[in-house]
Amino acid sequence: MGILLIFAFISGLVTIFAPCIWPLLPIILSSTTTGGHRKPLGITLGIMLSFGILTLTISYIVRIIPFDPNVLRYVAVVVIGFLGLALIIPKLSGMLETYVSRLSGKLNVGNQTQSTGFQAGFITGLALGVVWTPCAGPILATIATLAATQAVSLNVILITLTYILGVGIPLFIFATAGSTLFTKSRFLSKYTGRIQQVFGVIMILTALSIATNYDKVLQAKLLDIFPSYSSFITKLESNSAVKTQLDALKGNKTTSSSNSGKNSLFNENTTAPEFICITKWLNTNQPLTIKELKGKVVLVDFWTYTCINCIRTLPHVTGWYDKYKDQGFIVIGVHTPEFEFEKDTKNVQNAIKQYNIHYPVPQDNAFATWNNFNNQFWPAEYLIDANGVIRRTHFGEGKYDETEQAIQALLKEAGKQVDGAIDNMPDQTPKTQNSPETYLGSKRMQYLTQVGRAGNGTQTFQLDPQVERNHFSFGGEWNITDEQAVAGKNAVIDYNFTSSKVYLVLRPGSNPAAKVKVFLDGKVIDATIAGKDVQNGIITVDTDRLYNIVDLKDKADNHILKLEFQNPGVEAFAFTFG
């Protein structure tokens, strides 16, 4: 525990150098241009308090009082914007200081000087703590996971407080230095009014960027420019001592097994964690637990229904279940959504029907079970023996024969008679180097480089600087949100891709039968090479799912795809290739 506290404190200290905090520093600096000498302390404590409380308790609060947590973010935006406006308009600033002073007097929290300093700074800090998202390493990621799964313990609280203390010290020094600079410098004191107005504009622009989620895009770009910080913090927190204590904090335990290492098919030897915080169980009459499933061989398959890699895996997984279910084998298909609309139970049920899934499917909408397994991938398979020990893991597609051999071996260990024949179902894993999976929402577009913006508003993005042919562009009007790009007037996407098949996750929005026209190399796509979801060159977007747009019959080559969105409001999430 002591090692975790030390590293949490160090991680908090170096956060001042993190690109994720840089957009907040101008606001902190601007807030110190007015007010008393205790304002830096108020700003620092406000950030520490609001960030700490929200990190540890937001999942509990939302459960007790259901509301959209984004409301807090918008309240913070209003506060920051108003404080910026107060810096621009001196009379408004005077009125604000007078009001805060009177309020402080009524509450008996100090004299006027303190209220115009500490209290005003504290309000600013509270707002900043709500909107700040740090660049999380393994320690903070574990804290966030346990808080999200409502597994906050005294140790988690201590680690969080230690991290926040580490964050607060350099922030206080920075805020104090700024305050001293503006109040003591004879040169700057001549221009105090102008400096305050400039910083006021900066605060308002920052508030607007937070309201439009552009702050996340900015953070992502800064991480791209300075990638060394993320690698540094991960390396700092990934030593064996920290990793061991984080595993203990999450309740993960390593066990021994006499069968471990005897078969190259097996690469794991850890106790299987439980399914936790499941939203809904589908294809079963009651919730299941790892403990209740002991005696059976269990394959836990993490998937989501718009992931093409998962879709190509499903025929093998469903085949294994149907083949071995009467011999003590069960599949638990943990559906963990990549996009918000994938949390919809009806959508998941439609996918279960479409892909002939007969085994239990728990909806892991909060990523609680995903995090409990320390999972990072779609698809991911965890093969568990009859004693509840994970014996094999496999991430991604392929190696289906090895997985089936491992299933047979564990069934034989459990005393079952198994036919050694292996299914010869074709492996659809792409063998060529395709264009990369491409997200169209701002949150996951950070690996792209914007290489041009035309006068008509078209934005072009480079996907791989090493390969000129890999790029796409938006044309017409688009609203880019965290997860998706929402088509507006004359919306177009052009994609210079290399692949045999092209897929796109689409959602109809308000139009239940929205149309998207498909062009390939400048012509309406021919029926012989159109994907199964294209009829007469048109995609009819009627449900939230993955659409097959192009099928070149395994002839991977470079082509130019153009999509014309006939109806505003259609939501595009991500391209995948096969």
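The values are calculated or read from the model by the stated rules, or taken from the named source; none is laboratory data. Predicted model only: the values in this text are computed from it and were never measured. Neighbour counts run over all protein chains shown; Cβ positions are idealised from the backbone, glycine included. Areas reflect the complete protein model, heavy atoms only, side chains present, ligands, DNA and RNA absent. Shrake-Rupley method; radii C 1.70, N 1.55, O 1.52, S 1.80 Å.
Structure notes:
- Å² of accessible area per residue within the stretch 303-400, as computed with a 1.4 Å probe and no ligands counted: 32
- Exposure rank, largest accessible area first [GLU437, GLU381; 1.4 Å]: GLU437, GLU381
- Sequence of TYR191, TYR355, TYR305 when ordered by accessible area, the most exposed leading, probe 1.4 angstrom: TYR191, TYR355, TYR305
- Over all other residues within a Cβ to Cβ distance under 14 Å of THR284, the charged ones net out to +2, with Lys and Arg as +1 and Asp and Glu as -1.
- Loop GluC sites (Glu not before Pro), the stretch 281-365, which have at most 12 other Cβ atoms in a 10 Å radius of their Cβ (DSSP): GLU292
- Shape box of the stretch 482-578 [Cα atoms, principal axes, largest first, Å]: 36, 28, 21
- Spin-label model, ASP423 to THR345: label points 7 Å out along the Cα-to-beta-carbon direction sit 2.9 nm apart.
- Since only ASN371, ILE352, VAL389 are under comparison, the one whose Cα sits farthest along the positive direction of the charge dipole of the stretch 304-400, derived from C-beta charges on Lys, Arg, Asp and Glu, is VAL389.
- Trypsin sites (Lys or Arg not before Pro) within the stretch 516-564, DSSP loop, no more than 11 other Cβ atoms inside 10 Å: LYS532, LYS553, LYS555
- Of the residues MET95, MET1, the one with the largest accessible area comes first in the ranking MET95, MET1, computed with a 1.4 Å probe on protein heavy atoms.
- The modelled label-to-label distance between LYS515 and VAL14, using points 7 Å beyond Cα along the C-beta direction, is 5.7 nm.
- Accessible area of LEU92 in the full protein assembly, 1.4 Å probe (Å², nearest 10): 40
- Per residue, the accessible area of the stretch 466-541 comes to 46 Å² when a 1.4 Å probe rolls over the protein heavy atoms.
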